[in-house]
């Protein structure tokens with residue numbers, strides 16, 4: 001096991017080194033900071049951004065919007081997924097709604113959010129809409145795809161319904177949610193930032209990204225990309241910590 005972990009880490013390090021080498025090579029070939037900035041100018045911009053007195057406010061508001069949208073989406077997905085597994089009427093009612101949300105262009109959702117909501121709440125709505133269908137289908141499939149043989153055996157031995165829910169259905173839901181949690185949280189964060197870039201709230205990563213674009217400060221855009229990737233990585237570690245706390249691995 002340790003051998004595989006060390007191998008994965010080695011490959012990850014090699015991959016990161018290759019990215020840096022390609023970055024250096026491209027920046028020298030292009031030789032234009034507006035089109036493709038160097039590592040040095042990006043680091044300089046990164047330091048300037050972090051030194052900005054409003055930096056932590058921008059980070060805090062973007063993370064807060066992302067978490068509010070994600071948690072509300074998760075709560076509603078669990079609720080509607082459970083109810084849809086019980087009620088065929090609700091299952092059929094939700095099917096076209098989910099298909100619509102999955103099919104509608106992202107830009108259309110962003111534009112509608114900007115029309116319907118103010119610039120502070122539009123990014124939350126955008127993030128919510130983008131991950132809700134994924135979370136809903138994950139919960140629904142977790143319930144529907146439970147091994148029927150296990151349920152039949154539990155019923156045969158007259159196991160209490162509470163224990164069936166607690167020891168069979170809930171673990172299955174949590175396992176499947178854990179498999180999509182990192183990707184959906186990442187999608188949510190990216191969509192919130194995209195919404196901020198267009199809605200321009202007072203504080204937000206997207207607002208500042210748009211400002212960098214207006215001034216053609218490409219190193220600043222690259223610097224913000226590094227910050228966003230770092231936030232995503234922190235989210236990933238937090239989710240792993242939550243999984244360890246819930247001891248999800250024991251059910252896999």
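Some observations on this one:
- One residue from 41, 27, 73 being in a helix (DSSP H, G or I) and touching a strand residue (DSSP E or B) at 6+ places or on another chain (Cβ under 8 Å): 27
- Test result for residue 153, in contact with a helix residue (DSSP H, G or I) (Cβ under 8 Å, 6 or more places away or on another chain), on the phi < 0 side of the Ramachandran plot and surrounded by 11 or more Cβ atoms within 10 Å (Cβ to Cβ): no
- Among the residues listed as 231, 227, 238, 214, the single one being surrounded by fewer than 14 Cβ atoms within 10 Å (Cβ to Cβ), on the phi < 0 side of the Ramachandran plot and under 16 Å from the mean Cα position of the chain (by Cα): 238
- In summary, residue 201 fulfils each of the numbered conditions (1) closer than 30 Å to residue 61 by Cα; (2) touching a residue at least 24 places away in the same chain (Cβ under 8 Å); (3) in a helix (DSSP H, G or I) with the single exception of condition (3).
- Qualifying residue in the range 119-137 (condition: at pLDDT below 90 and part of a helix (DSSP H, G or I)): no
- Subset of the range 109-118 [assigned to a helix (DSSP H, G or I) and surrounded by 10 or more Cβ atoms within 10 Å (Cβ to Cβ)]: 109, 110, 111, 112, 113, 114, 116
- If you check 121, 61 for being free of Cβ contacts under 8 Å to residues at least 24 places away in the same chain, within 26 Å of residue 231 (Cα to Cα), out of contact with any helix residue (DSSP H, G or I) (no Cβ under 7 Å at 6 or more places or on another chain) and surrounded by 15 or more Cβ atoms within 10 Å (Cβ to Cβ), only one passes: 121.
The values are calculated or read from the model by the stated rules, or taken from the named source; none is laboratory data. Everything numeric in this text was worked out from a predicted model, so none of it was measured. Quick reminder, even Gly has a Cβ in these numbers, built from the backbone with ideal geometry, and neighbours come from all protein chains shown.
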